[in-house]
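Engineer: Before anything else, here's the structure in question.
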Amino acid sequence: MMSGTRTLMIIVMLIVAIAPTMAYAAYDAPSSTHYEVTLEVDPERHAIKGTSTIIYCNRELIALDSLYLTLYPNAFDEEGEAPLIAPASVSYPEGFDPGYITVDVIDRTYEVVDDTFLRIDLTDPLTPGESVNIELNFDIKVPHLTHRFGYHDGIIYAGNCLPLVCPYKEGGWVRHPYTARGDPFYSESAQWSVSITAPTGWTVASTGTPIDEDVGESTFTTTYVAPDTRDFAFSCSERYEVATLQHGATTIRSYYLPGHEEGGVRACELARQAMYVYEDIFGPYPYDTFSIAETHLGAAGMEYPHLIFVDQQYYTSPHDMIFEVIIAHEVAHQWWYGVVGNDQVCHSFIDESLAQLSTLAYFEEHGDLIGTSYYENYLRDPYDRARKEGISDIIDRSLEEYGSDYEYMVMAYWKGPLVLDMLRWTVGSDEFYDALSDIYNKHTFGIIDVATFENEFMTRIPEKELDTFFDVLLRSDSLPDIIAYEATYDDGTAIIEPTNKVMVLPVEACVTLEDGSTMTVTGMPPLEMNVQSAPVSYVLDPRDRIVESNEENNTGSFSTDEKRLPLPYAPIGLVAAIVIALLWRKRS
Ligand SMILES: [Zn+2]
């Protein structure tokens, strides 16, 4: 139960009558959770009234005596406590307005825990393989707020609103609080059937495939199905206009505000381009629909299954590169977050860094120039600037372990994809994408962790000894330092032996020859090249693709024969030089 002032806002009706658990026989139990949901959007009240029937199957090896559900709208119930994306003065157009959910679980005892979770007690322990049927009534008060969840300017957006069963991992229910940093969500794929009722004249952008529409006197109800889907979100407005494109079996819909037609149509086209690229690299998009909804998000974009929210401010300049970056990034989340999920709190970098790396691949697909532009302007330059500010450099952390919101952003959005790019560079593009495609196909609708990711690469390419690579670049604060310890020339062959103190990485070298021409060689050290004239100097990693601790020492000269004399012979050389000098002096 709630206590203190929160109780005033969250009315939870505790039903003490205990009904027998509706258990299904194990043999016909659904393996993943089923949600049958009805939602009624009430724009007058700024509320969403709903019911949810949840069939949960115990897939654990132990009996469970309770279930936990998320009640994330309650994260917005108190002033000063809401996980805002932008400052409160910007987020609340008319001052603080609470958001919350009231819940009534039919015929079961339950309690709101930590404000944003609901514990439902089971009458009898749910044995492995058994299923239970939970029925809820709820009412969501939508705040006047620019966010994932809120309403403004005629749009109601409902992201992370519906009660979801928390994942059960390692002997406990995972209950991540809704924090301002990152996307603090973690849920498992489930089977959804959702009916949304909205006033006549309104348009709904939603997760799922519409399969039925029922038109009433002043409302209409659309029923959506969403198989193997880890969350359900929607946005709706009386003002939405719609652009549509077909991509194979998938219908892409873009919902935009009046005056933003160019952006709305372009969003559709960009999403289709991105889907082509990601399907080609990683594997098929497995759903019938994909939608882009213009909302008042307060951030650039937000991913939901089959649906993304994009902030309205970007629709005014849809040909700016940032608009394409947002669409390409959020579409990539359909692969990394949607189909293949991860714990976005404990290992938050996984889906973000993979979405950023996918975006790099998307731009590279459109030409070297734009690929380089994305790499430099959206990954490398911001990361290099951040490093100069002395942030901690550990990527694989939980959201709360990062020193600041900025540090989280630097690690998940910039350094993470740069390290993935180095991995691509180290194992080779084909092997890299084959490994990602295998991860995608093996873990479709599942969850991956960092070990899944690393093991896939280490098993496929054992000779690369990638454990050091992952340890240093994901989990330590140190970076490699690429430095050439020997650059020699002999009989038309130039050899550069670059090394670094912690791991062997492939590297690119650009060599300037005596005749003024340059040659480039790439690979695992030592780098060898046949040259027409004597090499003079070299630059290692000329395109700056390696994230390293010191880039100042990447240039050098080819040593002369004298300089290359092995150390024990050096004194002999010196003595010989002195003798020759003395003899010469005597003669003159
Ligand atoms: Zn993202």
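The values are calculated or read from the model by the stated rules, or taken from the named source; none is laboratory data. None of these values were measured; they are calculated from a predicted model. Cβ placement follows ideal geometry from the backbone for every residue including glycine, while neighbour counts extend to all protein chains displayed. The accessibility values were calculated without ligands, DNA or RNA, using every heavy atom of the protein model including side chains. Shrake-Rupley method; radii C 1.70, N 1.55, O 1.52, S 1.80 Å.
Engineer: Being at pLDDT 95 or above, touching a Ser or Thr at 6+ places or on another chain (Cβ under 9 Å) and under 15 Å from MET321 (Cα atoms) narrows it down to one residue among TYR378, TYR362; which is it?
Structural biologist: Working: TYR362 fails: touching a Ser or Thr at 6+ places or on another chain (Cβ under 9 Å).
It is TYR378.
Engineer: So which residues in segment 166-191 are in a strand (DSSP E or B) and surrounded by fewer than 21 Cβ atoms within 10 Å (Cβ to Cβ), if there are any at all? It would help to see each step written out before you state the result.
Structural biologist: Within segment 166-191, the subset in a strand (DSSP E or B) is 168-169, 172-173, 190-191.
TYR168, LYS169, GLY172, TRP173, GLN191 - these are the residues of segment 166-191 that are in a strand (DSSP E or B) and surrounded by fewer than 21 Cβ atoms within 10 Å (Cβ to Cβ).
Quick grid of which residues meet (1) away from the ligand (no atom under 15 Å from the Cβ); (2) of a type outside the set (A, V, I, L, M, F, W, C):
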site: MET275; (1), (2): yes, no
site: TYR278; (1), (2): no, yes
site: THR289; (1), (2): yes, yes
site: MET302; (1), (2): no, no
site: LEU307; (1), (2): no, no
site: GLN313; (1), (2): yes, yes
site: ASP320; (1), (2): yes, yes
site: VAL325; (1), (2): no, no
site: TRP335; (1), (2): no, no
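Engineer: Only one of (1) free of Cβ contacts under 8 Å to residues at least 40 places away in the same chain; (2) open to solvent by less than 30 Å² (accessible area, probe 1.4 Å) fails for GLU241. Which number is that?
Structural biologist: In the conditions (1) free of Cβ contacts under 8 Å to residues at least 40 places away in the same chain; (2) open to solvent by less than 30 Å² (accessible area, probe 1.4 Å), GLU241 misses (2) alone.
Engineer: Another one. Just to verify a result, which residue in segment 435-494, among those that are part of a loop (DSSP other than H, G, I, E, B) and among the hydrophobic types (A, V, I, L, M, F, W, C), is farthest from GLU279 (Cα to Cα)?
Structural biologist: Step one: of segment 435-494, the residues part of a loop (DSSP other than H, G, I, E, B) are 443-446, 448-449, 461, 465, 476-482, 491-492.
Still in the list and also among the hydrophobic types (A, V, I, L, M, F, W, C): 445, 448, 461, 479, 482.
Numbers: PHE445: 16, ILE448: 19, ILE461: 24, LEU479: 33, ILE482: 35 Å.
Within segment 435-494, the match that is farthest from GLU279 (Cα to Cα) is ILE482.
Engineer: Kindly list the number of the only condition in (1) among the hydroxyl-bearing types (Ser, Thr, Tyr); (2) buried (at least 18 other Cβ atoms within 10 Å of the Cβ); (3) over 30 Å from the mean Cα position of the chain (by Cα) that fails for THR219.
Structural biologist: The failed condition is (2).
Engineer: Could you run through segment 38-69 and say how many residues are assigned to a strand (DSSP E or B), under 22 Å from TYR168 (Cα atoms) and of a type in the set (A, V, I, L, M, F, W, C)? Even if it seems obvious, please write down each step before you answer.
Structural biologist: First pass over segment 38-69, keeping only residues assigned to a strand (DSSP E or B): 38-42, 47-57, 64-69.
From the residues that got through so far, the ones that are under 22 Å from TYR168 (Cα atoms) too are 52-57, 64-69.
Of the ones still in play, those that are also of a type in the set (A, V, I, L, M, F, W, C) are 54-55, 57, 64, 67, 69.
Total meeting the criteria: 6.
Engineer: TYR402 fails exactly one of the following numbered conditions: (1) crowded, with 20+ Cβ neighbours inside 10 Å; (2) within 12 Å of the ligand (Cβ to nearest atom). What is the number of that condition?
Structural biologist: Failed condition: (2).
Engineer: Still on this model: Would you mind finding the one in THR116, THR127, THR102 that is under 30 Å from the mean Cα position of the chain (by Cα) and either open to solvent by less than 30 Å² (accessible area, probe 1.4 Å) or at pLDDT 95 or above (or both)? I'd like the intermediate steps shown before the answer.
Structural biologist: Details: THR127 fails: under 30 Å from the mean Cα position of the chain (by Cα); THR102 fails: under 30 Å from the mean Cα position of the chain (by Cα).
Selected residue: THR116, the only one of THR116, THR127, THR102 that is under 30 Å from the mean Cα position of the chain (by Cα) and either open to solvent by less than 30 Å² (accessible area, probe 1.4 Å) or at pLDDT 95 or above (or both).
Engineer: Can you find a residue that is in a strand (DSSP E or B) and open to solvent by 70 Å² or more (accessible area, probe 1.4 Å) anywhere in segment 545-563? It would help to see each step written out before you state the result.
Structural biologist: First, pick out the residues of segment 545-563 that are in a strand (DSSP E or B): 555-557.
Filter once more, so that each one left must be open to solvent by 70 Å² or more (accessible area, probe 1.4 Å): 555, 557.
Looking through segment 545-563, at least one residue is in a strand (DSSP E or B) and open to solvent by 70 Å² or more (accessible area, probe 1.4 Å).
Engineer: Additional query: Identify, by number, the condition in (1) open to solvent by 10 Å² or more (accessible area, probe 1.4 Å); (2) away from the ligand (no atom under 16 Å from the Cβ); (3) at pLDDT 95 or above that TRP414 doesn't meet.
Structural biologist: Tallying (1) open to solvent by 10 Å² or more (accessible area, probe 1.4 Å); (2) away from the ligand (no atom under 16 Å from the Cβ); (3) at pLDDT 95 or above, TRP414 fails exactly one: (2).
Engineer: Name the pairs: first residue in segment 33-44 and among the aliphatic types (A, V, I, L, M), second residue crowded, with 17+ Cβ neighbours inside 10 Å, Cβ to Cβ under 6 Å, at least 6 apart or on different chains?
Structural biologist: Pairs that qualify, where the first residue is among the aliphatic types (A, V, I, L, M) and the partner is crowded, with 17+ Cβ neighbours inside 10 Å, are VAL37/SER52; VAL37/VAL194; LEU39/ILE48; LEU39/GLY50; LEU39/ILE196; VAL41/ILE48; VAL41/ALA198; VAL41/CYS236.
Engineer: So which of ASP351, ASP343 is over 16 Å from TYR255 (Cα atoms), within 10 Å of the ligand (Cβ to nearest atom) and among the charged types (D, E, K, R)?
Structural biologist: Values: ASP343 fails: within 10 Å of the ligand (Cβ to nearest atom).
Within the list ASP351, ASP343, the selection yields ASP351.
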